[in-house]
Amino acid sequence: ETGVTQTPRHLVMGMTNKKSLKCEQHLGHNAMYWYKQSAKKPLELMFVYNFKEQTENNSVPSRFSPECPNSSHLFLHLHTLQPEDSALYLCASSQEGAGNTIYFGEGSWLTVV
Amino acid sequence: TQLLEQSPQFLSIQEGENLTVYCNSSSVFSSLQWYRQEPGEGPVLLVTVVTGGEVKKLKRLTFQFGDARKDSSLHITAAQPGDTGLYLCGGNNRKLIWGLGTSLAVNP
């Protein structure tokens, strides 16, 4: 059983829609991440939050907007996405200083039509 | 660009066979993690290795971290259909670097 839960698990949205992905971690960790997983590509780190502060943004287009209201919750707001943004979006958490072992959620499978 | 190569990319075997998959890099890692991922699901952590030369066992799975902490292997003994999935390794070198994974299919 994962300590990181993501909703929704599946999302289909049009290119003009606005939607959000939600992530909650129950592990008491202080860092949270958004990753994008596409076929035939390594995991792509999108955003990192430490103690609610964004510490990394890997040149992600502004149509993806993260929000971290506290150490346990992370959102990814989606707006005017493109079909090539269709992918599995993975949330993860870790405890800084603990070997950086990260724990993933079940993922949100996004399809942009 | 730091790379982490996993081999083989694809592997299809019969139940009961043994197999080894590899994770190689030119970078030194402070730790390395192995995950198994099923289609449409998130990766599930199997093990973290930290010390060069370290060997960890998880039932039929044996993980080894290279002496120089640049590579790792995963050996599965008597594979079962439930072992089917994508095996990912991630190396920690200030940032986490990921391989493409080894897609394993174990046929009954």
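Summary table below
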item: Partner chain coverage, peptide A:101-108 - average Cβ within 10 angstrom; result: 6
item: Debye, to nearest 20: dipole size of the range A:1-59, +1 on Lys, Arg Cβ, -1 on Asp, Glu Cβ; result: 320 debye
item: Lysine-lysine proximity count for the protein assembly as shown, Cα under 27 Å, sequence distance 8 or more or distinct chains; result: 26
item: Label zone at A:R9 (point 7 Å along Cα-to-Cβ), backbone N below 19 Å, the range A:62-100; result: A:87-92
item: Largest to smallest accessible area among A:T16, B:T102, B:T51 [probe 1.4 Å]; result: A:T16, B:T51, B:T102
item: Computed accessible area, B:I97, all protein chains, 1.4 angstrom probe, square angstrom; result: 20 Å²
item: List B:V28, B:V106, ordered by accessible area with a 1.4 Å probe, largest first; result: B:V28, B:V106
item: Whole-Å distance, taken between Cα centres, linking the range A:4-25 and the range B:1-61; result: 29 Å
item: Overall dimensions of chain B as given by Cα atoms, namely Rg and Dmax in Å; result: 13.1, 41
item: Cysteines, the protein assembly as shown, no other Cys beta-carbon under 4.7 Å; result: A:C68
item: Exercise: per-residue mean of other protein chain Cβ atoms within 10 Å, B:41-51; result: 5
item: Surface accessible to a 1.4 Å probe, B:S103 within the full protein complex, Å²; result: 50 Å²
item: Partner chain coverage, peptide B:33-40 - average Cβ within 10 angstrom; result: 3
item: In Å², nearest 10: area of A:K22 left accessible to a 1.4 Å probe; result: 80 Å²
item: Accessible carbon and sulfur surface of the protein assembly as shown relative to its total accessible area, %, 1.4 Å; result: 51 percent
item: Selected from B:L74, B:N93, B:F63, residue furthest toward positive end of dipole (the range B:19-108; charges at beta carbon); result: B:N93
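The values are calculated or read from the model by the stated rules, or taken from the named source; none is laboratory data. Just so it is clear, the structure is predicted and the values come from calculations on it, not from any experiment. Neighbour counts run over all protein chains shown; Cβ positions are idealised from the backbone, glycine included. Protein only, heavy atoms only, side chains kept; ligands, DNA and RNA dropped before computing areas. Shrake-Rupley method; radii C 1.70, N 1.55, O 1.52, S 1.80 Å.
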